[in-house]
Amino acid sequence: SSSDLNDEDLVYLALWTRAAEKQMKLPTDGDADKVFASIADDGRWIGRLSAFGAGKIKEGELTSSAKTAAQKTEALFYVALDRRAAGDVAGSQALFSKTLASGGVDLMEVGLARDILAGPRAYVSGPVPDVGLP
């Protein structure tokens, strides 16, 4: 249930939900908007991400408000995700590449950017199949 998630988790989930709805051209169920409306843009990074998700601030405002290396990486990633959802493939690819090049930050977004850029070539590792070699 949503009560098990903190504000940060909810905002990240809402950003993904909004991107998926846009990219798949699905009508929104309004859940992402409710999350964005519930998080104040009070100077905390999660407030900035929420304001971006709600459309209250633009890409440049999000990226310029990022202070730490992790925030800068996340800003690049979520701007790229937004552009991808809007159909700007070239713009999003360039930003996903910048996300990867941001370097040294062990964030989920870096791995996701790598997977998105790999596209159909992406390889999901799993157990080695038992082929009965002698």
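The values are calculated or read from the model by the stated rules, or taken from the named source; none is laboratory data. Please read all numbers here as calculations on a predicted model, not as lab measurements. Here the Cβ is made from the backbone with ideal geometry for all residues, glycine too, and neighbour counts use every protein chain on show. Areas reflect the complete protein model, heavy atoms only, side chains present, ligands, DNA and RNA absent. Shrake-Rupley method; radii C 1.70, N 1.55, O 1.52, S 1.80 Å.
Descriptive notes on the structure:
- The equivalent ellipsoid of segment 1-96 has semi-axes of 20, 18, 11 Å, largest first, where each one is the square root of 5 times an eigenvalue of the Cα gyration tensor.
- Coupling constants for segment 30-38 follow from the phi torsions by the Karplus curve (6.51 cos²θ - 1.76 cosθ + 1.60, θ = phi - 60°), and in residue order they are x, 5, 4, 4, 5, 5, 4, 5, 8 Hz; glycine and proline get x.
- Segment 1-54, accessible area per residue, ligands and nucleic acids excluded (1.4 Å, Å²): 58
- Net charge of the neighbourhood of Ile46, taken over other residues with C-beta under 12 Å away and scored Lys/Arg +1, Asp/Glu -1, is -4.
- Within-13-Å neighbourhood charge of Lys34 [Cβ basis; K, R +1; D, E -1]: -3
- Annotation for Lys58 and Asp29: the two label points, set 7 Å from Cα along the Cα-Cβ direction, are 3.3 nm apart.
- Electrostatic bookkeeping for Leu5 treats Lys and Arg as +1 and Asp and Glu as -1; over the other residues with beta carbon under 15 Å from its beta carbon, the sum is -4.
- Among the listed pairs Lys58/Lys98; Lys25/Lys98; Lys22/Lys67, those beyond 22 Å (Cα-Cα): Lys25/Lys98; Lys22/Lys67
- Charge dipole of segment 1-97 (Cα centre as origin; +1 on each Lys and Arg Cβ, -1 on each Asp and Glu Cβ, all else neutral): 380 debye, rounded to the nearest 20.
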